[in-house]
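One structure below.
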Amino acid sequence: MISFRQVLISALLMTAIAFSGWSIFLSNQNRAITTTDASSTQPDGFMEGVTATFMNKEGTPALKVDAPKLIHYANNDTTEFVTPHVIIFRHATEPWHIHANHAKTLQGLTEINFWDDVVIHHAADKDNPLTTIKTSTLTIFPDQQVAKTAEAITVTQPDTTVYAVGMLANWDQGTVKLLSQAREEYVPHS
């Protein structure tokens, strides 16, 4: 016959086993949550001395990226660049060059955000004069060949400097639309 003492010991032992199992389960859950949170903020790779050329559907260069260092994060397929130089190739003879202290891509290369001393440069060609645009931030959409900023900009061309706030550029069409507060200075070469 089973005594009350044996039932009590069995019940206590089963309770201890259940609590141990529950404790292990919670410990593993917390470890999984911590690992997931850390992996979303920790890089999954980096490269130094990067030069990458991306081709369009026709097999010609569309975009080239040079950077001394990039860091990739799996979360949102985000890449951060240190002092990048990005070249946007278009149908015109001369490409557009973008330099900045920092840049970040989101969702692969669908959007590139530049900040801190952004300089856009286009050498003169048969359709456009030498052009330099300076701003503090810039977002480009390489597939649409569009760039925009809401920040103050300075556009410099031979004999002319234009100041404005905000810009929308379409490299494929070769147009730059100034959004507000545009003023121009004529500075003749001597």
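The values are calculated or read from the model by the stated rules, or taken from the named source; none is laboratory data. Small disclaimer: the values here were computed from a predicted structure and weren't measured. Positions of Cβ are generated from backbone atoms using ideal geometry, with glycine treated the same way; all protein chains shown enter the neighbour counts.
Among the conditions (1) at pLDDT below 95; (2) assigned to a strand (DSSP E or B); (3) under 30 Å from Phe46 (Cα atoms), the only one that Val118 does not satisfy is (1). Restricting attention to the range 107-117, the residues that are over 12 Å from the mean Cα position of the chain (by Cα) and touching a residue at least 24 places away in the same chain (Cβ under 8 Å) add up to 0. For the subset of the range 150-190 comprising residues that are outside any strand (DSSP E or B) and touching a residue at least 40 places away in the same chain (Cβ under 8 Å), which member is surrounded by the fewest Cβ atoms within 10 Å (Cβ to Cβ)? Filtering first and then ranking leaves Asp172.
Suppose we filter the range 57-77 for residues that are within 18 Å of Pro142 (Cα to Cα), surrounded by fewer than 16 Cβ atoms within 10 Å (Cβ to Cβ) and in contact (Cβ under 8 Å) with a residue 12 or more places away in the chain; how many remain? Qualifying residue count, the range 57-77: 4.
With Asp143, Asp127 as the choices, which residue is loosely packed, with under 13 Cβ neighbours inside 10 Å, under 19 Å from Leu63 (Cα atoms) and touching a residue at least 24 places away in the same chain (Cβ under 8 Å)? Give the steps one after another, and end with the answer.
Numbers: Asp127 fails: under 19 Å from Leu63 (Cα atoms).
Matching residue, one of Asp143, Asp127: Asp143.
Check the range 46-56 and report whether any residue there is touching a Leu at 6+ places or on another chain (Cβ under 8 Å) and not in a strand (DSSP E or B). No, the range 46-56 contains no residue that is touching a Leu at 6+ places or on another chain (Cβ under 8 Å) and not in a strand (DSSP E or B). Applying the condition of being closer than 22 Å to Gln173 by Cα and in contact with a strand residue (DSSP E or B) (Cβ under 8 Å, 6 or more places away or on another chain) to the range 125-136 and asking which residue is modelled with the lowest pLDDT yields Asn128.
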